[in-house]
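Below is one structure, written out as structure tokens, with a few remarks after it.
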Amino acid sequence: MALFEGLGPRARLLGVDLGTKTIGLALSDVERRIATPLETIKRVKFTPDVERIKALIERHDVGGLVFGLPLNMDGTEGPRSQATRAFVRNLKPLVPLPVLFWDERMSTMVVTRTLLDADASRAKRADAVDKMAAAYILQGALDRHDRISADAEAAEDEAEMRQDLDINTPPEGGALDDDL
């Protein structure tokens, strides 16, 4: 994923769950392995919302953003996806960081179910769901990057191992037979 390639060695990622009334935020660790819920911003207007995000970016040395993209269940983009893309378009001149859009379908439902299973009160669920959804979105991107990196590393190791094999030398005690 291109987002990860341009990051500094200890730059964090900020996960963003953009809602109509709130913005859930989550932060990765410096190794970009674990996403942690950070904060929920009550949306006011674009400028103050962005000022709060910018302050958190500076405070936590954020190098990139992962925005949840609210796709329809069939994978198409609807009005909420368009609103998210418009928000990011307006944000880019003010926050010149790389952005990755991540499919957020079902994130709020999964987080709400988890909170219900933990017997969280309605008030606690309302307070936590957005920032936890942002963490769920960010963790999905982090996990995908880890899988891609592990697959690439395994392929590299296999290529290196094949290169080290000498296919013209028979195993000990064996013989090469060109007639087979």
Segment Asp29-Ala150, length gained on full extension (0.36 nm per residue, minus Cα span): 41.7 nm
Hey, can you grab everything whose amide H is under 5 Å from the amide H of Gly15? Only 5+ residues off in sequence or another chain; H modelled, so Pro and N-termini drop out. Ala26, Leu27, Ser28, Val66
Taking a crude spin-label model, label points 7 Å out from Cα along the C-beta direction, the Glu158 to Lys42 distance in nm is 5.4
Distance in nm between label sites at Arg59 and Asp143, each 7 Å beyond Cα in the beta-carbon direction? 2.8
Using the Karplus curve 6.51 cos²θ - 1.76 cosθ + 1.60 with θ = phi - 60°, work out ³J(HN,Hα) for each residue of region 22-37 in order, rounded to whole Hz, and write x for Gly and Pro. 9, 10, x, 10, 9, 10, 8, 6, 5, 8, 6, 10, 10, 9, 10, x
Check which residues have an amide H placed less than 5 Å from Glu104's amide H, if you skip close sequence neighbours. Leu69, Leu71
Residue-wise HN-Hα coupling along region 130-140, computed from phi with Karplus coefficients 6.51, -1.76, 1.60 (Hz; x: Gly, Pro): 5, 6, 6, 5, 4, 5, 4, 5, 4, 4, x
From the phi angles alone, apply the Karplus equation (6.51, -1.76, 1.60; θ = phi - 60°) to region 91-104 and give each ³J(HN,Hα) in whole Hz, x where the residue is Gly or Pro. 6, 3, x, 8, 9, x, 10, x, 10, 10, 8, 10, 4, 9
Highest mean first, how do 55-64, 23-32, 71-80, 134-143 rank when packing is the count of other Cβ atoms within 10 Å averaged over residues? 134-143, 23-32, 55-64, 71-80
Working with all protein chains in place, sort Ile34, Ile41 by solvent-accessible area computed with a 1.4 Å probe, largest first. Ile34, Ile41
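The values are calculated or read from the model by the stated rules, or taken from the named source; none is laboratory data. These numbers come from a predicted model, not from an experiment. We place every Cβ from the backbone using ideal geometry, glycine too, and count neighbours over all the protein chains shown. Quick note on the areas: whole protein, heavy atoms, side chains included, nothing else; ligands and nucleic acids left out. Shrake-Rupley method; radii C 1.70, N 1.55, O 1.52, S 1.80 Å.
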